[in-house]
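Working notes for the structure below.
Derivation of every value follows stated rules applied to the coordinates shown; laboratory data play no part. Quick caveat: nothing in here was measured; it's all calculated off a predicted structure. Because the Cβ atoms are built from the backbone with ideal geometry, glycine has one as well, and the counts that use them run over all protein chains shown.
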């Protein structure tokens with residue numbers, strides 16, 4: 001399941017929903033990301049996250065399909081927030097279930113690495129009286145590129 005929303009989410013509820021949808025799975029791995037209050041030496045008050053409706057969901061669905069092709073998984077649950085999010089607010093939840101932990105860990109990491117580099121989501125950082133759009137990080141590209149070199 002993929003949700004793009006302005007509302008906050010409850011990590012426990014997301015976990016329980018994934019668990020209920022994953023009979024026979026012995027592993028659930030989750031990741032939740034929050035807005036950092038610092039970027040380097042600069043204080044961050046908020047992020048504004050924009051997306052391309054329809055395209056974002058399609059992009060995330062494609063990532064889920066790729067993960068299912070690479071690993072034997074139960075279910076995947078992704079929640080990504082949009083709009084203005086204050087420092088320490090939750091941004092993203094990714095949960096993956098599988099029969100075994102290794103596949104769930106790998107798939108969760110694959111999804112996050114690729115979500116950060118391929119999903120049509122844009123972030124503007126608000127710091128005091130200044131604001132600027134964030135550029136893609138080369139470290140994110142490097143993390144995602146390793147998955148394109150690996151086969152199942």
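Under the 0.36 nm per residue contour assumption, what length would be gained going from the current alpha-carbon distance of residue 3 and residue 132 to full extension?
Once the chain is fully extended between residue 3 and residue 132, it gains 43.8 nm.
Taking only Cα atoms of the chain, what ratio of Rg to Rh do you get with Rh as the Kirkwood inverse-distance radius?
0.98
With everything on Cα atoms, drop me the angle between helix 55-70 and the longest principal axis of the chain, reported from 0 to 90° to the nearest 10.
40
Could you state the angle between the C-alpha long axis of helix 101-118 and the longest principal axis of the C-alpha atoms of the chain, as a value from 0 to 90 degrees rounded to the nearest 10?
Compared with the principal axis, the helix lies near 40 degrees.
Can you give the % of DSSP beta bridges in the stretch 2-134 that are antiparallel, to the nearest 5?
Of those bridges, close to 90 percent are antiparallel.
With no solvent and one equal point scatterer placed on each C-alpha of the stretch 1-40, evaluate the Debye formula and give log10 I(q)/I(0) for q = 0.19, 0.31, 0.33, 0.36 Å⁻¹, two decimals.
The Debye formula, applied to the Cα set alone, gives -0.71, -1.24, -1.29, -1.34.
Show me the ranking of peptides 139-148, 93-102 by mean Cβ neighbours inside 10 Å, starting with the highest.
So the order, starting with the most tightly packed, is 93-102, 139-148.
State, as an integer percentage, the relative contact order of the chain based on alpha-carbon contacts under 8 Å between residues 6 or more apart.
With pairs under 8 Å counted, the relative contact order is 32 percent.
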